[in-house]
Amino acid sequence: MDKKIVYFLCTGNSCRSQMAEGFGKEILGETWDVYSAGVEAHGLNPRAIEMMNEKGIDITNQSSSIIDKEILNRSDLVITLCGDAKDRCPTIPANVQTTHWDLPDPAKAEGTEEEISLEFRSVRDEIEKRIKSLAEN
């Protein structure tokens, strides 16, 4: 059986969608091909890499890229992770299921190093929870 395709989208493809791609490959990899992209490409956020390492998932080989219309059109499920991506995403074909997870951008977190790390962990853990739930359906 062919794998389904899930495409995680956010603004810069640096944090949320990268973490979602990492969890997706780890949790859904048997049955899904997992991709991520952004409306823009901002590069991988070093703190996202660090936070995923805490979960034993290495995302250093992932790359930050802009939305690929070919992947978008072949996707079975597109998940937007922020309002910006939802609003600025190219038209998604009607046959592609879409879901929106409105998650705060941890890259915009302010405060001490610990407070910023807490925001990253909070968003990371929410993404993990939602992907585990997706795997159960």
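The values are calculated or read from the model by the stated rules, or taken from the named source; none is laboratory data. Quick caveat, the model's predicted, so the values are computed rather than measured. Note that we place each Cβ from the backbone using ideal geometry, even for glycine, and neighbour counts take in every protein chain shown.
Among residues of the range 106-120 that are among the acidic types (Asp, Glu), those with a Cβ under 9 angstrom from a residue that is crowded, with 17+ Cβ neighbours inside 10 Å and assigned to a helix (DSSP H, G or I), sequence gap 6+ or separate chain, pair up as 110/119; 119/106. Taken together, the residues in the range 63-82 that are buried (at least 17 other Cβ atoms within 10 Å of the Cβ) and either modelled with pLDDT of 95 or more or more than 26 Å from residue 110 (Cβ to Cβ) (or both) amount to 5.
I need the full set of residues from the range 48-62 which are more than 21 Å from residue 3 (Cβ to Cβ) and crowded, with 20+ Cβ neighbours inside 10 Å, in order please. Correct list: 48, 51, 52. The numbered conditions (1) in contact with a Gly (Cβ under 7 Å, 6 or more places away or on another chain); (2) under 23 Å from residue 132 (Cβ atoms); (3) not in a strand (DSSP E or B) are all true for residue 34 except (3). Taking the range 35-63 as the range and being basic (Lys, Arg) and touching a Cys at 6+ places or on another chain (Cβ under 8 Å) as the test, only 47 passes.
The number of residues in the range 43-64 that are of a type in the set (A, V, I, L, M) and either touching a Pro at 6+ places or on another chain (Cβ under 7 Å) or not in a helix (DSSP H, G or I) (or both) comes to 3. In the range 98-112, the condition of being polar (S, T, N, Q), more than 14 Å from the chain's Cα centre (by Cα) and more than 14 Å from residue 7 (Cβ to Cβ) is met by at least one residue.
Based on what the data block shows, is residue 109 modelled with pLDDT under 95, exposed (fewer than 14 other Cβ atoms within 10 Å of the Cβ) and either of a type in the set (Gly, Ala, Ser) or out of contact with any Gly (no Cβ under 9 Å at 6 or more places or on another chain) (or both)?
Answer is no for this residue.
Of the set (1) closer than 22 Å to residue 126 by Cα; (2) more than 13 Å from the chain's Cα centre (by Cα); (3) outside any loop (DSSP other than H, G, I, E, B), all apply to residue 23 but (2).
Does the range 29-40 include one or more residues that are in contact with a Ser or Thr (Cβ under 6 Å, 6 or more places away or on another chain) and of a type in the set (Ser, Thr, Tyr)? For the range 29-40, residues in contact with a Ser or Thr (Cβ under 6 Å, 6 or more places away or on another chain) and of a type in the set (Ser, Thr, Tyr): present.
Going by what's in this entry, would residue 12 be described as part of a loop (DSSP other than H, G, I, E, B), under 14 Å from the mean Cα position of the chain (by Cα) and surrounded by 18 or more Cβ atoms within 10 Å (Cβ to Cβ)? Spelling it out, residue 12 is indeed part of a loop (DSSP other than H, G, I, E, B), under 14 Å from the mean Cα position of the chain (by Cα) and surrounded by 18 or more Cβ atoms within 10 Å (Cβ to Cβ).
Only one of the listed residues (121, 130) is surrounded by 12 or more Cβ atoms within 10 Å (Cβ to Cβ) and farther than 20 Å from residue 9 by Cβ. That residue is 121.
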